[in-house]
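The block underneath contains the structure these notes are about, expressed in structure tokens.
All of the numbers you see were taken from the coordinates with simple rules; none came from a lab. Please read all numbers here as calculations on a predicted model, not as lab measurements. Cβ placement follows ideal geometry from the backbone for every residue including glycine, while neighbour counts extend to all protein chains displayed.
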């Protein structure tokens, strides 16, 4: 025979039993979450108070050990000084003035009928003083104009910039068969720079661009023979 069961509990007691079961589950979950949180707290406290302190102590010991080893190196301060100086060499090289370019510039700038007797280059004030002789004042004027209109260019596609912003004839006298002159010239320091780069980022020397004329020594004759024979 089949067995037939009847639920004789009232609905209120049935709901109460379900609520009690839900409350038990909730309490169990809350207790489990609290236990997990407490466990994480203990782990963090142990990590901060024990593990990190040990790591800091180990790091301090390593630093002290390395410091002691360095201090034991003979003449350590001298070695460090030399190293610091070596590190500045590249910067010093980039910032130095390549004043030897002045001779190539003068070949392009000086008229064939003018000679140089004295040359002074001051990299502090960016000033250039030139003294010498020429066959006439017209030649001196040509020299002055050549300096004034000279430009320089960095790379093949660089912008043309005035090389000598200020040119002044500071002295002039007439002698037997020639004239003596003195020029005071302000130059753009970039024409002697050692750190100029073209559009591709390559280090290049500036190119002096002189107005085309047939009076300059570089066009008419060998510059090595009579450029520096001014009677000064």
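Remind me, relative contact order of the range 97-226 in percent, using alpha carbon pairs under 8 angstrom and six or more residues apart? Could you put the intermediate results ahead of the total?
Working: 250 pairs, mean separation 39.0, N = 130.
Worked out over the range 97-226, it gives 30 percent.
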Give me the extension gain from residue 202 to residue 45: residue separation times 0.36 nm, minus the current Cα-Cα distance, reported in nm with one decimal.
50.7 nm
Does the range 97-226 come out rounded, prolate or oblate, given a ≥ b ≥ c as the square roots of the eigenvalues of its C-alpha gyration tensor, rounded meaning a/c under 1.5 and, failing that, prolate meaning a/b above b/c?
prolate
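Arrange the peptides 126-136, 184-194, 24-34 so that the one whose residues have, on average, the most other Cβ atoms within 10 Å appears first.
Working: 126-136: 18.8, 184-194: 17.2, 24-34: 10.0.
Highest-to-lowest ranking by the protection proxy: 126-136, 184-194, 24-34.
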Distance between Cα centroids, the range 142-179 to the range 97-111: provide it in whole Å.
11
Let me know the shape class of the range 91-165, please: from the alpha-carbon gyration tensor, a ≥ b ≥ c as square roots of the eigenvalues, rounded when a/c is under 1.5, otherwise prolate if a/b is greater than b/c, or oblate.
oblate
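Multiply the residue gap between residue 176 and residue 72 by 0.36 nm, knock off their C-alpha separation, and tell me the result in nm, one decimal place. Intermediate results must be reported in sequence, preceding the final value.
Values: separation 104, 0.36 × 104 = 37.44 nm, distance 7.60 nm.
Gain on stretching residue 176 to residue 72: 29.8 nm.
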